[in-house]
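Heads up, the thing below is written out as structure tokens.
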Amino acid sequence: MNMHVNVGADVVANGRSYRRPEQPVVVICIDGSEPGYIEEAIAAGLAPNLDRLMKTGANTTALSVIPSFTNPNNLSIITGRPPAVHGIAGNFFYDREAGVEVMMNDARFLRAPTILAEFQKAGLKVAMVTAKDKLRTLLGKGLDFTSGTAIAFSSEKADKANLPENGIENVLEFVGKPLPEVYSADLSEFVFAAGVKLLNGFRPDVMYLSTTDYVQHKAAPGSEVANSFYAMFDGYVGQLDAAGCTLVMTADHGMNDKHLPNGEPDVIYLQEILDAALGAGVTRVILPITDPYVAHHGALGSFATVYVDADKVPAVIEIAKAIGGVTVAIPAEEACERFELPADRIGDVVVLCDRHKVLGTSAAKHDLSGLTEPLRSHGGLTEQTVPMIANRAIEIPEGRTLRNFDVFDVALNLVR
Ligand SMILES: [Zn+2]
């Protein structure tokens, strides 16, 4: 086995110290992996590797950042810090001065260096594979692909990977799989398959694998579709573990049913309610879950932020609080403090709703035609608890609540 030698100073990223690993460290973010998915697959006898690791290694939970959306959490994981530090609080914010809604899925919006970039600068080899390419561009910020010590690509654009931008080419051949569809379980499977190949070949010191929640948006824990996804995942977990690595798995957020008994999404159309009460054009509701891939969630999640003039903030809070299913309606300062959010990338009021409800703008603005199954989604406090599973025992300091963005700390500092 290619044992790496633990020499040199700790690597510091955003004020946190990480030990140099003695063997490769692999961190996996299983997108939307609500607690229960893995346990149900194990109960069905479909995940023997995870079953074994969870008994001999570590099996606990951690809290995601709020909003419990994909990008804020992936960026928190890769920087080890909350959105207040890295600046990515969702997929959209409203630029008050320019008067436009701005998509935040570009690397220029990221304000903090990544743990991977700092490890590469410290002379270690790093690798990253994401399902979607936009996330790869964000998470890959600061990596230098000219030195042969970094590889980063996405399943989505695996066929376009090239040496200057990804540190690798001919990825389809390398992984031995065809280019997967964007809306498919295969997009995530490609990530795992690539991870196994990279671990055995490139042998990175630190690797990050991040999947897509296509399956979790459609299928509940224990369902046939979910179980077959986790059975597939389990096979790769076994291969990664056998290849010799410290393997730690977490999720960006959980996932819950968000529909009525008849299968229709259970939506609070917040913009409609605010317009009716205060007049059209007085408020602007932004749903930071909105992205170019809305088919599986219709841009409906359990977190919204409202932009409004300061004198109307109390009125918006009062109206929102009176809506059945709204659990949190607080001014921005309080939300930034409580959820560690960047003040300039969030509205004036933050609204969260209950486990089985979602927040929308107005009915006409949501294209729900892509929802082929009753809505499952995320974004709120009820999707904040996620798994933290390792193939080695971990020692958590007394009284410390683990966050999902502690996953590199767990993998590099807390494993025994
Ligand atoms: Zn996600």
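Out of Ile268, Ile273, which single residue is part of a helix (DSSP H, G or I), of a type in the set (A, V, I, L, M) and out of contact with any His (no Cβ under 6 Å at 6 or more places or on another chain)? Give the derivation first.
On the way: Ile268 fails: part of a helix (DSSP H, G or I).
Step by step, each of Ile268, Ile273 is checked, and only Ile273 is part of a helix (DSSP H, G or I), of a type in the set (A, V, I, L, M) and out of contact with any His (no Cβ under 6 Å at 6 or more places or on another chain).
Sort out which residues of the range 187-198 are more than 18 Å from the chain's Cα centre (by Cα) and either within 15 Å of the ligand (Cβ to nearest atom) or of a type outside the set (A, V, I, L, M, F, W, C) (or both), and write them in order of number.
Start the filter on the range 187-198 by keeping residues that are more than 18 Å from the chain's Cα centre (by Cα), which leaves 193-194, 196-198.
Answer for the range 187-198, where residues must be more than 18 Å from the chain's Cα centre (by Cα) and either within 15 Å of the ligand (Cβ to nearest atom) or of a type outside the set (A, V, I, L, M, F, W, C) (or both): just Lys197.
Test of understanding: among Pro387, Pro314, which residue is farther than 21 Å from Thr290 by Cβ, in a strand (DSSP E or B) and either within 16 Å of the ligand (Cβ to nearest atom) or modelled with pLDDT of 95 or more (or both)?
Details: Pro314 fails: in a strand (DSSP E or B).
Answer to the check: Pro387.
Among the residues in the range 349-367, are any more than 29 Å from Val316 (Cβ to Cβ) and either in contact (Cβ under 8 Å) with a residue 12 or more places away in the chain or not in a loop (DSSP other than H, G, I, E, B) (or both)? I'd like the intermediate steps shown before the answer.
Taking the range 349-367 first, the residues more than 29 Å from Val316 (Cβ to Cβ) are none.
No, the range 349-367 contains no residue that is more than 29 Å from Val316 (Cβ to Cβ) and either in contact (Cβ under 8 Å) with a residue 12 or more places away in the chain or not in a loop (DSSP other than H, G, I, E, B) (or both).
Against the definition (on the phi > 0 side of the Ramachandran plot and among the aliphatic types (A, V, I, L, M)), how does Ala299 come out, yes or no? Full working, then the answer.
Working: on the phi > 0 side of the Ramachandran plot: yes; among the aliphatic types (A, V, I, L, M): yes.
Against the criterion (on the phi > 0 side of the Ramachandran plot and among the aliphatic types (A, V, I, L, M)), Ala299 qualifies.
I'd like the full set of residues that are under 19 Å from Met255 (Cβ atoms), surrounded by 24 or more Cβ atoms within 10 Å (Cβ to Cβ) and more than 16 Å from the ligand (Cβ to nearest atom), limited to the range 45-85.
Ala47, Leu50
With the condition kept exactly as written, say whether any residue in the range 72-82 is of a type in the set (S, T, N, Q) and not in a helix (DSSP H, G or I). Quick ask: steps written out before the conclusion?
Start the filter on the range 72-82 by keeping residues that are of a type in the set (S, T, N, Q), which leaves 73-74, 76, 79.
Among the residues that remain, those that are also not in a helix (DSSP H, G or I) are: none.
Taking every residue of the range 72-82 in turn, none turns out to be of a type in the set (S, T, N, Q) and not in a helix (DSSP H, G or I).
Which ones in the range 305-328 are within 24 Å of the chain's Cα centre (by Cα) and hydrophobic (A, V, I, L, M, F, W, C)?
Narrowing the range 305-328 to residues within 24 Å of the chain's Cα centre (by Cα): 305-306, 326-328.
Within the range 305-328, Val306, Val326, Val328 meet the criteria.
On the given criteria, is Met255 surrounded by 18 or more Cβ atoms within 10 Å (Cβ to Cβ) and more than 16 Å from the ligand (Cβ to nearest atom)?
On the way: surrounded by 18 or more Cβ atoms within 10 Å (Cβ to Cβ): yes; more than 16 Å from the ligand (Cβ to nearest atom): no.
No, not satisfied.
The rows are residues; the columns are (1) touching a Phe, Trp or Tyr at 6+ places or on another chain (Cβ under 8 Å); (2) within 16 Å of the ligand (Cβ to nearest atom); (3) assigned by TED's automatic domain parsing to the domain that holds Cys29.
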{"residue": "Asn170", "(1), (2), (3)": "no, no, yes"}
{"residue": "Pro180", "(1), (2), (3)": "yes, no, yes"}
{"residue": "Ala185", "(1), (2), (3)": "yes, yes, yes"}
{"residue": "Asn200", "(1), (2), (3)": "no, no, yes"}
{"residue": "Pro204", "(1), (2), (3)": "no, no, yes"}
{"residue": "Ser210", "(1), (2), (3)": "no, yes, yes"}
{"residue": "Asp213", "(1), (2), (3)": "no, yes, yes"}
{"residue": "His217", "(1), (2), (3)": "no, yes, yes"}
{"residue": "Ala226", "(1), (2), (3)": "yes, yes, yes"}
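Are any of the residues in the range 86-104 modelled with pLDDT of 95 or more, hydroxyl-bearing (Ser, Thr, Tyr), in the same structural domain as Ile30 (by TED's automatic domain parsing) and away from the ligand (no atom under 16 Å from the Cβ)?
no
Return the residue satisfying two criteria in turn: it lies in the range 5-42 and is under 25 Å from Thr70 (Cβ atoms) and in a strand (DSSP E or B), and of such residues it is nearest to the ligand (Cβ to nearest atom).
Result: Cys29.
So which residues in the range 213-245 are surrounded by 21 or more Cβ atoms within 10 Å (Cβ to Cβ) and among the small types (Gly, Ala, Ser)?
Scanning the range 213-245 gives a single hit, Ala226.
Wholly within the range 105-191, which helices (runs of 4 or more DSSP H) include no fewer than the required count, namely at least 1 residues that are among the β-branched types (Val, Ile, Thr) and surrounded by 20 or more Cβ atoms within 10 Å (Cβ to Cβ)?
Those helices (runs of 4 or more DSSP H) span 115-121, 171-175.
Pick from the range 199-245 the residues that are assigned to a helix (DSSP H, G or I) and among the β-branched types (Val, Ile, Thr): which of them is nearest to the chain's Cα centre (by Cα)? I'd like the intermediate steps shown before the answer.
Restricting attention to the range 199-245, the residues satisfying the condition of being assigned to a helix (DSSP H, G or I) are 199-200, 214-218, 224-242.
Applying the additional criterion that residues be among the β-branched types (Val, Ile, Thr) yields 215, 225, 237.
Numbers: Val215: 14, Val225: 21, Val237: 19 Å.
Only one residue tops the list, namely Val215.
The values are calculated or read from the model by the stated rules, or taken from the named source; none is laboratory data. Worth saying up front: this structure is predicted, and the values here are computed from it rather than measured. When we count neighbours, we look across all protein chains shown, and the Cβ atoms used for this are built from the backbone with ideal geometry, even at glycine.
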